[in-house]
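So the structure is just underneath, and the comments pick up after that.
The values are calculated or read from the model by the stated rules, or taken from the named source; none is laboratory data. None of the values given here were measured: they were computed from a predicted structure. Every residue, glycine among them, receives a Cβ derived from its backbone with ideal geometry; neighbour counts consider all protein chains shown. These area figures cover heavy atoms from the full protein model, side chains too; ligands, DNA and RNA do not enter into them. Shrake-Rupley method; radii C 1.70, N 1.55, O 1.52, S 1.80 Å.
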Amino acid sequence: MTVITPELPRRLLGRFTADPAIPVVTAGCILLLAIGGIIFPAFLSPGYLLQQLQIASFLGVIAAGATLVILLGHIDLSVPAGITAVAVLTTTVAGSSTPSVAAVAIPVGLLGGALIGLINGIGVAFFRLPSMVWTLAMNSMLVGAVVFFTGGFKPRGVAPPLSISLALERTLGIPNAFLFWIAVMIVIGLLFKRTVYGRYLFATGNSEKAVYLSGIRVRLVTTMTFVAAGVFTAIGAILLAGYANQAYQGMGDAYMLPVLTAVVIGGTSILGGKGSYAGTVVGALFITLLSSILSVLQMPEAFRQIVFGLIILSMLLIRSFERNNR
(Lines give C-alpha, C1' and ligand atoms only; values in the text may rest on other atoms or scores of the structure.)
Protein backbone atom coordinates (compact mmCIF):
# COMPACT_ATOMS: atom_id res chain seq x y z
CA MET A 1 0.00 0.00 0.00
CA THR A 2 1.37 3.39 -0.95
CA VAL A 3 1.22 6.11 1.70
CA ILE A 4 0.52 9.54 0.21
CA THR A 5 1.92 12.40 2.25
CA PRO A 6 1.42 16.14 1.74
CA GLU A 7 4.07 17.89 -0.31
CA LEU A 8 6.10 20.41 1.63
CA PRO A 9 7.91 23.46 0.31
CA ARG A 10 11.57 22.60 -0.27
CA ARG A 11 12.72 25.47 1.91
CA LEU A 12 11.13 23.78 4.94
CA LEU A 13 13.08 20.56 4.52
CA GLY A 14 16.68 19.46 4.61
CA ARG A 15 17.40 21.09 7.95
CA PHE A 16 18.76 18.04 9.73
CA THR A 17 22.35 18.63 8.62
CA ALA A 18 25.26 19.05 10.99
CA ASP A 19 25.54 22.52 12.47
CA PRO A 20 28.86 24.41 12.47
CA ALA A 21 28.49 24.57 16.25
CA ILE A 22 29.26 20.84 16.52
CA PRO A 23 33.00 21.02 15.66
CA VAL A 24 33.32 24.12 17.85
CA VAL A 25 31.76 22.38 20.85
CA THR A 26 33.83 19.25 20.11
CA ALA A 27 36.96 21.41 20.27
CA GLY A 28 35.60 22.80 23.54
CA CYS A 29 35.33 19.25 24.91
CA ILE A 30 38.95 18.58 23.98
CA LEU A 31 39.97 21.83 25.67
CA LEU A 32 38.07 20.87 28.83
CA LEU A 33 39.81 17.49 28.85
CA ALA A 34 43.17 19.24 28.66
CA ILE A 35 42.25 21.67 31.43
CA GLY A 36 40.88 18.86 33.58
CA GLY A 37 44.05 16.84 33.08
CA ILE A 38 46.16 19.77 34.25
CA ILE A 39 44.03 20.49 37.31
CA PHE A 40 43.37 16.89 38.25
CA PRO A 41 45.71 14.29 36.67
CA ALA A 42 43.27 11.42 37.27
CA PHE A 43 40.76 13.30 35.10
CA LEU A 44 42.18 11.63 31.99
CA SER A 45 42.25 8.11 33.43
CA PRO A 46 40.06 5.55 31.59
CA GLY A 47 37.99 4.88 34.70
CA TYR A 48 37.18 8.55 35.26
CA LEU A 49 36.37 9.17 31.59
CA LEU A 50 34.03 6.18 31.51
CA GLN A 51 32.31 7.57 34.59
CA GLN A 52 31.83 10.88 32.76
CA LEU A 53 30.27 9.03 29.82
CA GLN A 54 27.95 7.28 32.24
CA ILE A 55 26.81 10.56 33.79
CA ALA A 56 26.53 12.26 30.39
CA SER A 57 24.24 9.46 29.25
CA PHE A 58 21.53 10.46 31.74
CA LEU A 59 21.67 14.06 30.56
CA GLY A 60 21.79 13.01 26.91
CA VAL A 61 18.70 10.81 27.13
CA ILE A 62 16.64 13.52 28.84
CA ALA A 63 17.93 16.10 26.36
CA ALA A 64 16.69 13.92 23.49
CA GLY A 65 13.13 14.87 24.37
CA ALA A 66 14.07 18.52 24.81
CA THR A 67 15.67 18.47 21.35
CA LEU A 68 12.43 17.30 19.75
CA VAL A 69 10.39 20.00 21.47
CA ILE A 70 12.85 22.80 20.69
CA LEU A 71 13.09 21.70 17.04
CA LEU A 72 9.33 22.13 16.95
CA GLY A 73 9.77 25.72 18.10
CA HIS A 74 8.52 25.18 21.65
CA ILE A 75 10.05 24.60 25.07
CA ASP A 76 9.25 22.17 27.88
CA LEU A 77 9.79 23.55 31.38
CA SER A 78 8.13 20.59 33.11
CA VAL A 79 11.26 18.46 32.84
CA PRO A 80 12.51 18.89 36.46
CA ALA A 81 9.26 17.95 38.17
CA GLY A 82 8.59 15.34 35.48
CA ILE A 83 11.81 13.57 36.40
CA THR A 84 10.96 13.65 40.09
CA ALA A 85 7.35 12.54 39.60
CA VAL A 86 8.25 9.60 37.34
CA ALA A 87 11.09 8.50 39.63
CA VAL A 88 8.77 8.56 42.66
CA LEU A 89 6.05 6.71 40.74
CA THR A 90 8.45 4.06 39.44
CA THR A 91 10.18 3.35 42.75
CA THR A 92 6.86 3.27 44.61
CA VAL A 93 5.45 0.65 42.25
CA ALA A 94 8.74 -1.30 42.25
CA GLY A 95 8.66 -1.37 46.07
CA SER A 96 5.23 -3.01 46.14
CA SER A 97 4.97 -6.20 48.15
CA THR A 98 3.00 -7.76 45.30
CA PRO A 99 5.47 -9.21 42.73
CA SER A 100 3.08 -8.79 39.79
CA VAL A 101 2.71 -5.08 40.59
CA ALA A 102 6.42 -4.53 41.13
CA ALA A 103 7.16 -6.16 37.77
CA VAL A 104 5.36 -3.40 35.86
CA ALA A 105 7.17 -0.51 37.56
CA ILE A 106 9.08 0.58 34.47
CA PRO A 107 6.07 0.43 32.09
CA VAL A 108 4.06 2.42 34.63
CA GLY A 109 6.85 5.01 34.82
CA LEU A 110 6.98 5.29 31.03
CA LEU A 111 3.19 5.68 30.87
CA GLY A 112 3.44 8.38 33.51
CA GLY A 113 5.95 10.28 31.40
CA ALA A 114 3.81 9.84 28.29
CA LEU A 115 0.77 11.15 30.18
CA ILE A 116 2.68 14.26 31.26
CA GLY A 117 3.74 14.79 27.65
CA LEU A 118 0.19 14.24 26.41
CA ILE A 119 -1.20 16.89 28.76
CA ASN A 120 1.53 19.28 27.65
CA GLY A 121 0.80 18.53 24.00
CA ILE A 122 -2.93 19.07 24.39
CA GLY A 123 -2.39 22.39 26.13
CA VAL A 124 -0.02 23.66 23.46
CA ALA A 125 -1.60 22.13 20.35
CA PHE A 126 -5.32 22.35 21.08
CA PHE A 127 -5.69 25.17 23.62
CA ARG A 128 -3.02 27.16 21.75
CA LEU A 129 -1.36 28.33 24.96
CA PRO A 130 2.35 29.30 24.99
CA SER A 131 4.41 26.20 25.72
CA MET A 132 6.57 28.08 28.21
CA VAL A 133 3.56 29.08 30.32
CA TRP A 134 1.68 25.76 30.06
CA THR A 135 4.67 23.52 30.86
CA LEU A 136 5.78 25.80 33.70
CA ALA A 137 2.30 25.43 35.20
CA MET A 138 2.53 21.67 34.69
CA ASN A 139 5.90 21.67 36.48
CA SER A 140 4.33 23.48 39.43
CA MET A 141 1.40 21.05 39.59
CA LEU A 142 3.73 18.05 39.48
CA VAL A 143 5.79 19.47 42.34
CA GLY A 144 2.61 19.85 44.37
CA ALA A 145 1.46 16.33 43.44
CA VAL A 146 4.75 14.81 44.58
CA VAL A 147 4.66 16.69 47.90
CA PHE A 148 1.02 15.67 48.41
CA PHE A 149 1.77 12.02 47.59
CA THR A 150 4.84 11.77 49.84
CA GLY A 151 3.51 14.01 52.59
CA GLY A 152 6.69 16.04 52.31
CA PHE A 153 8.83 13.12 53.47
CA LYS A 154 11.35 10.95 51.64
CA PRO A 155 9.55 8.75 49.10
CA ARG A 156 9.37 5.06 49.89
CA GLY A 157 10.24 2.36 47.40
CA VAL A 158 13.15 0.86 45.54
CA ALA A 159 14.55 1.15 42.04
CA PRO A 160 13.60 -1.62 39.59
CA PRO A 161 16.43 -4.13 38.98
CA LEU A 162 16.52 -3.31 35.26
CA SER A 163 17.04 0.40 35.93
CA ILE A 164 19.86 -0.41 38.34
CA SER A 165 21.46 -2.66 35.74
CA LEU A 166 21.22 -0.04 33.01
CA ALA A 167 22.42 2.80 35.23
CA LEU A 168 25.23 1.15 37.19
CA GLU A 169 26.46 -2.04 35.57
CA ARG A 170 28.91 -2.43 32.69
CA THR A 171 29.27 -4.68 29.67
CA LEU A 172 32.83 -5.43 28.59
CA GLY A 173 33.95 -2.54 30.75
CA ILE A 174 31.62 -0.02 29.07
CA PRO A 175 28.78 1.48 31.14
CA ASN A 176 25.40 0.08 30.16
CA ALA A 177 24.01 3.62 30.38
CA PHE A 178 26.35 4.74 27.61
CA LEU A 179 25.46 1.73 25.45
CA PHE A 180 21.79 2.57 25.97
CA TRP A 181 22.52 6.18 25.00
CA ILE A 182 24.11 4.96 21.76
CA ALA A 183 20.88 3.09 21.01
CA VAL A 184 18.95 6.32 21.61
CA MET A 185 21.27 8.15 19.20
CA ILE A 186 20.55 5.57 16.50
CA VAL A 187 16.79 5.74 17.07
CA ILE A 188 16.74 9.55 16.94
CA GLY A 189 18.94 9.56 13.84
CA LEU A 190 16.58 7.19 12.04
CA LEU A 191 13.59 9.18 13.27
CA PHE A 192 14.95 12.38 11.77
CA LYS A 193 16.19 11.05 8.45
CA ARG A 194 14.00 8.04 7.65
CA THR A 195 10.51 8.90 8.83
CA VAL A 196 7.72 11.19 7.69
CA TYR A 197 7.41 12.44 11.26
CA GLY A 198 11.02 13.67 11.14
CA ARG A 199 10.28 15.70 8.01
CA TYR A 200 7.15 17.17 9.54
CA LEU A 201 8.96 18.01 12.78
CA PHE A 202 11.58 20.16 11.06
CA ALA A 203 9.05 21.66 8.68
CA THR A 204 6.71 22.64 11.51
CA GLY A 205 9.57 24.23 13.38
CA ASN A 206 10.43 26.30 10.31
CA SER A 207 6.92 27.51 9.55
CA GLU A 208 3.90 26.10 11.31
CA LYS A 209 1.54 28.12 9.13
CA ALA A 210 3.04 26.86 5.87
CA VAL A 211 2.91 23.27 7.12
CA TYR A 212 -0.72 23.68 8.15
CA LEU A 213 -1.61 25.06 4.72
CA SER A 214 0.14 22.03 3.18
CA GLY A 215 -2.49 19.83 4.76
CA ILE A 216 -0.43 18.39 7.59
CA ARG A 217 -2.10 17.79 10.95
CA VAL A 218 0.05 20.17 12.96
CA ARG A 219 -1.80 19.50 16.20
CA LEU A 220 -1.04 15.79 15.93
CA VAL A 221 2.64 16.43 15.22
CA THR A 222 2.86 18.79 18.20
CA THR A 223 1.09 16.39 20.56
CA MET A 224 3.21 13.44 19.43
CA THR A 225 6.36 15.47 20.00
CA PHE A 226 5.46 16.37 23.56
CA VAL A 227 4.47 12.76 24.28
CA ALA A 228 7.84 11.57 22.94
CA ALA A 229 9.59 14.19 25.08
CA GLY A 230 7.69 12.96 28.12
CA VAL A 231 8.78 9.39 27.43
CA PHE A 232 12.44 10.40 27.12
CA THR A 233 12.15 12.35 30.36
CA ALA A 234 10.66 9.26 31.98
CA ILE A 235 13.49 7.07 30.70
CA GLY A 236 16.01 9.52 32.15
CA ALA A 237 14.14 9.52 35.46
CA ILE A 238 14.13 5.72 35.60
CA LEU A 239 17.87 5.64 34.90
CA LEU A 240 18.53 8.26 37.59
CA ALA A 241 16.44 6.27 40.06
CA GLY A 242 18.56 3.21 39.26
CA TYR A 243 21.76 5.22 39.62
CA ALA A 244 20.76 6.52 43.07
CA ASN A 245 18.78 3.35 43.92
CA GLN A 246 16.02 5.64 45.16
CA ALA A 247 13.85 8.62 44.32
CA TYR A 248 13.83 11.87 46.25
CA GLN A 249 12.09 15.21 46.12
CA GLY A 250 13.80 17.70 43.84
CA MET A 251 15.51 14.88 41.95
CA GLY A 252 15.18 16.67 38.62
CA ASP A 253 15.80 20.23 39.79
CA ALA A 254 19.44 20.18 38.74
CA TYR A 255 18.63 19.18 35.15
CA MET A 256 16.61 22.04 33.67
CA LEU A 257 19.44 24.39 32.72
CA PRO A 258 21.92 21.63 31.75
CA VAL A 259 19.33 20.06 29.43
CA LEU A 260 18.53 23.35 27.70
CA THR A 261 22.20 24.26 27.54
CA ALA A 262 23.16 20.93 25.98
CA VAL A 263 20.52 21.38 23.26
CA VAL A 264 21.24 25.04 22.50
CA ILE A 265 25.03 24.80 22.63
CA GLY A 266 24.84 21.90 20.17
CA GLY A 267 23.43 24.21 17.52
CA THR A 268 19.69 23.58 17.77
CA SER A 269 17.84 26.83 17.16
CA ILE A 270 15.64 27.87 20.05
CA LEU A 271 13.22 29.17 17.41
CA GLY A 272 12.84 25.69 15.93
CA GLY A 273 13.38 24.07 12.55
CA LYS A 274 17.15 23.76 12.65
CA GLY A 275 19.46 21.48 14.57
CA SER A 276 20.42 17.87 15.17
CA TYR A 277 20.64 15.36 17.97
CA ALA A 278 24.34 14.95 17.17
CA GLY A 279 24.78 18.52 18.39
CA THR A 280 22.88 17.70 21.57
CA VAL A 281 25.14 14.69 22.17
CA VAL A 282 28.26 16.84 21.91
CA GLY A 283 26.59 19.49 24.06
CA ALA A 284 25.77 16.92 26.77
CA LEU A 285 29.39 15.76 26.83
CA PHE A 286 30.58 19.38 27.08
CA ILE A 287 28.21 20.19 29.95
CA THR A 288 29.19 17.02 31.81
CA LEU A 289 32.92 17.75 31.50
CA LEU A 290 32.38 21.38 32.49
CA SER A 291 30.34 20.35 35.54
CA SER A 292 33.02 17.86 36.52
CA ILE A 293 35.75 20.52 36.37
CA LEU A 294 33.63 22.94 38.40
CA SER A 295 33.09 20.17 40.97
CA VAL A 296 36.84 19.52 41.17
CA LEU A 297 37.34 23.25 41.73
CA GLN A 298 34.64 23.04 44.43
CA MET A 299 32.50 25.70 42.79
CA PRO A 300 29.07 26.12 44.43
CA GLU A 301 25.92 25.04 42.62
CA ALA A 302 24.84 28.66 42.28
CA PHE A 303 27.95 29.43 40.25
CA ARG A 304 27.25 26.49 37.92
CA GLN A 305 23.74 27.76 37.27
CA ILE A 306 25.18 31.18 36.41
CA VAL A 307 27.61 29.57 33.95
CA PHE A 308 24.85 27.56 32.26
CA GLY A 309 22.66 30.67 32.02
CA LEU A 310 25.49 32.67 30.46
CA ILE A 311 26.08 29.92 27.89
CA ILE A 312 22.41 29.92 26.88
CA LEU A 313 22.31 33.72 26.61
CA SER A 314 25.52 33.73 24.56
CA MET A 315 24.15 31.20 22.09
CA LEU A 316 20.89 33.15 21.77
CA LEU A 317 22.82 36.35 21.06
CA ILE A 318 24.98 34.58 18.46
CA ARG A 319 21.89 33.15 16.73
CA SER A 320 20.20 36.54 16.78
CA PHE A 321 23.29 38.18 15.27
CA GLU A 322 23.48 35.53 12.52
CA ARG A 323 19.77 35.92 11.70
CA ASN A 324 19.97 39.75 11.53
CA ASN A 325 22.95 39.62 9.16
CA ARG A 326 21.47 37.24 6.61
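Assorted remarks:
- The convex hull defined by the C-alpha atoms of the chain has an orientation-averaged projected area of 18.7 nm².
- P(r) weight above 13 Å for segment 45-92, C-alpha pairs, percent: 67 percent
- Helix-only [θ]222 nm of the chain, DSSP H runs n ≥ 4, -39500 (n - 2.57) each, per residue, nearest 500: -23500 deg cm²/dmol
- Under 5 Å from the amide H of residue 270 lies no amide H of any residue 5 or more positions distant or on a separate chain, with H modelled from the backbone and absent for Pro and chain starts.
- Span-rule helices in the chain, defined as complete DSSP H runs reaching 18 Å or more along the axis (Cα) with Kyte mean at least 0.5: 21-39, 46-71, 79-94, 105-125, 131-150, 176-194, 218-244, 277-296, 301-324
- Computed from the Kirkwood radius of its Cα pairs, the Stokes-Einstein diffusion coefficient for segment 249-319 at 25 °C and 0.890 mPa s stands at 195 µm²/s.
- Highest to lowest packing among 269-280, 233-244, 181-192, scored as the average C-beta count within 10 Å: 233-244, 269-280, 181-192
- Gaussian network model of the chain, Cα within-10 Å springs - most flexible of 213, 89, 50: 213
- Listed by chain and number, the lysines placed with their C-alpha closer than 17 angstrom to that of residue 193 are 274; residues fewer than eight positions away on the same chain are left out.
- Neighbour net charge for residue 246 - beta-carbon separation under 13 angstrom, K R +1, D E -1: +2
- Probing with 1.4 Å while keeping every protein chain in the model, the per residue accessible area of the chain equals 47 Å².
- Centroid-to-centroid separation of segment 108-133 and segment 195-249 [C-alpha atoms, Å]: 10 Å
- Most fluctuating residue given options 79, 263, 221, as computed from a GNM of the chain linking Cα atoms under 10 Å: 221
- The charge dipole of segment 174-298, taken about the Cα centre with unit charges on the Cβ atoms of Lys, Arg (+1) and Asp, Glu (-1), comes to about 540 debye, rounded to the nearest 20.
- Zero-based 5 Å bins, Cα pair distances in segment 106-186, whole percents: 3, 12, 13, 16, 16, 15, 15, 8, 2, 0
- Here the accessible area is traced with a 1.4 Å probe on the protein chains. For the chain, carbon and sulfur cover 71 percent of it.
- The longest part of the chain holding none of the exposed loop GluC sites (Glu not before Pro), meaning those outside H, G, I, E and B in DSSP with at most 16 other Cβ atoms within 10 Å, is 8-168.
- Cα centre as origin, Lys/Arg/Asp/Glu Cβ charges: the chain dipole, Debye: 780 debye
- Length added when fully stretched, residue 149-residue 129, from 0.36 nm per residue minus Cα-Cα: 4.4 nm
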